Amino acid sequence: MTENTSQQDPKTQVETARKAFEEEFEDFVRLGDYAEVLKLPLVEALLKRKEFEEFCRRYTGKKGTIASLKKLIGQSGPDKRAILGSQVQQLEKWISDRTNQVHYSLSAYIQQSQLERDRIDVTLPGRRPRRGHIHPITRLRERVEDIFVSLGYAIEDDREIETDFYNFDALNIPANHPARASQDTFYTTEGFALRSQTSTVQIHAMQRRGAPLRMIAPGRVFRRDTPDPTHNPMFFQVEGLCVDRGITMAHLKGTVAEFLRRMFGAQTVTRFRPSYFPFTEPSAEFDFSCFKCGGRGCRICKQSGWIELGGSGMVHPNVLRIAGVDPEIYSGFAFGLGIDRMCALMYGLDDIRLLFENDVRFLEQFD
Ligand SMILES: [Zn+2]
């Protein structure tokens, strides 16, 4: 109320208030129509409701126009009090009648829109749970297994803790043999060690199943190596063994060459180099033509065109005999290769330890 209005007589003040209300209400009157409110975006309806509530408070609030008019009633003479009282009351009712509809349509619309906004939208894509995948070494191992199973080989799985007998003696590596030093492993209790090669499975398999026999044994082996980019004290090997009547070096070469062709492509060439292993005679290491450059020379094959992969040979008669197979009747070939080394080559890893650290950021790339 301005100075000016307070000097007006109460009846005029009621009339002035009514006119002021009517003028301001012009801005909101259309919102009493629900169809009009429907055209508003939710944010704007919220804004309008705030403005409208402030407007109403100025008239009907505790410190609003109606409240101050009511004070005038008490200050009026007894003769005018009743008339003024009923005039203020009428104005109050008139204002509330006019504003109710706007309150109602705005609130109804806002409530409805918020409900719709918060409702679960079943057409939205859901949040997928994080799904793991197979470790690259396991994937490679499965590929190797598939190839050999299709060649008629069985898959043998055996113990990782071995006796000296299976890890060394049975493989024609007697005590004090220099080969024991290069394969120094981890010893547990007296006479037991973590196997340093999967060749131990050859002995178990021949003892259990006898000849003829065709099997591969993928698995972990252990060496007392200091970890570096190309060494790890635990790594994966695949061992292969074929024992039958009349098995020759030609079968070995044919099998390894076929495996590498299936693994790295039909153009792959295999090469054998004479070598020495205590448990085979003759022995050979085998290389294959680089899968990256096809033999021309690149970073992966260190410009040689060849990749060294594993060792092989004809099973030593002593090994057959110890495992209970008669070397006069049967002969066989064996081979072994490192899966992690092959994995590092195929994926171009500079450090083999990445495969064992189990850093999810690294492993995720192999999905
Ligand atoms: Zn190459």
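Could you tell me which numbered condition GLU51 fails, if it satisfies all but one of (1) surrounded by 14 or more Cβ atoms within 10 Å (Cβ to Cβ); (2) modelled with pLDDT of 90 or more; (3) in contact with an Asp or Glu (Cβ under 9 Å, 6 or more places away or on another chain)?
(1)
Please note which helices (runs of 4 or more DSSP H) are completely contained in segment 98-217 and include at least 2 residues that are crowded, with 19+ Cβ neighbours inside 10 Å and not acidic (Asp, Glu).
Qualifying helices (runs of 4 or more DSSP H): 136-150, 164-167, 200-209.
Taking GLN90 as the residue in question, decide whether it is without any contact (Cβ under 8 Å) to a residue 40 or more places away in the chain and either touching a Pro at 6+ places or on another chain (Cβ under 7 Å) or more than 24 Å from VAL37 (Cβ to Cβ) (or both).
When the stated conditions are applied, GLN90 passes them.
Any idea how many residues of segment 57-108 are touching a Lys or Arg at 6+ places or on another chain (Cβ under 9 Å) and of a type in the set (Ser, Thr, Tyr)?
Looking only at that region, the number is 2.
Only one residue in GLY338, GLY305, GLY324 is within 36 Å of the chain's Cα centre (by Cα), surrounded by fewer than 21 Cβ atoms within 10 Å (Cβ to Cβ) and small (Gly, Ala, Ser), so which one is that?
Going through GLY338, GLY305, GLY324 in turn, the sole match is GLY338.
Taking the condition of being among the polar types (S, T, N, Q), without any contact (Cβ under 8 Å) to a residue 24 or more places away in the chain and under 14 Å from VAL256 (Cβ atoms), how many residues in segment 276-318 meet it?
Total meeting the criteria: 1.
Look through segment 285-306, keep the residues that are more than 6 Å from the ligand (Cβ to nearest atom) and in contact with a strand residue (DSSP E or B) (Cβ under 6 Å, 6 or more places away or on another chain), and return whichever of them is modelled with the lowest pLDDT.
Ranking the candidates gives GLY295 first.
Here are PHE279, PHE272, PHE356, PHE259: which of them is touching a Leu at 6+ places or on another chain (Cβ under 6 Å) and more than 16 Å from the ligand (Cβ to nearest atom)? Let's see the steps before the verdict.
On the way: PHE272 fails: touching a Leu at 6+ places or on another chain (Cβ under 6 Å); PHE356 fails: touching a Leu at 6+ places or on another chain (Cβ under 6 Å); PHE259 fails: touching a Leu at 6+ places or on another chain (Cβ under 6 Å).
Every option except PHE279 fails the conditions.
So, MET314, is that one touching a strand residue (DSSP E or B) at 6+ places or on another chain (Cβ under 6 Å) and surrounded by 15 or more Cβ atoms within 10 Å (Cβ to Cβ) or not?
Taking the combined requirement at face value, the residue satisfies it.
Residue check: is PHE356 closer than 29 Å to PHE168 by Cα and modelled with pLDDT of 95 or more? Spell out how you get there, then give the answer.
On the way: closer than 29 Å to PHE168 by Cα: yes; modelled with pLDDT of 95 or more: no.
Here the answer is no, as PHE356 does not meet what is asked.
Given the conditions (1) over 30 Å from ALA35 (Cα atoms); (2) touching a Ser or Thr at 6+ places or on another chain (Cβ under 8 Å), report the number of the one that GLY132 does not fulfil.
(2)
Quickly run through segment 307-316 and pick out the residues that are of a type in the set (A, V, I, L, M) and within 16 Å of the ligand (Cβ to nearest atom).
Hits for segment 307-316 are ILE307, LEU309.
How many of the residues making up segment 345-360 are surrounded by 16 or more Cβ atoms within 10 Å (Cβ to Cβ), assigned to a helix (DSSP H, G or I) and free of Cβ contacts under 8 Å to residues at least 24 places away in the same chain?
The number of residues fulfilling the criteria is 1.
Which condition number does GLU24 fail, the rest of (1) over 20 Å from GLN90 (Cβ atoms); (2) modelled with pLDDT of 90 or more being met?
Checking GLU24 against (1) over 20 Å from GLN90 (Cβ atoms); (2) modelled with pLDDT of 90 or more, the one that fails is (1).
The values are calculated or read from the model by the stated rules, or taken from the named source; none is laboratory data. Keep in mind that this is a model prediction, so the values were computed, not measured. Every residue, glycine among them, receives a Cβ derived from its backbone with ideal geometry; neighbour counts consider all protein chains shown.
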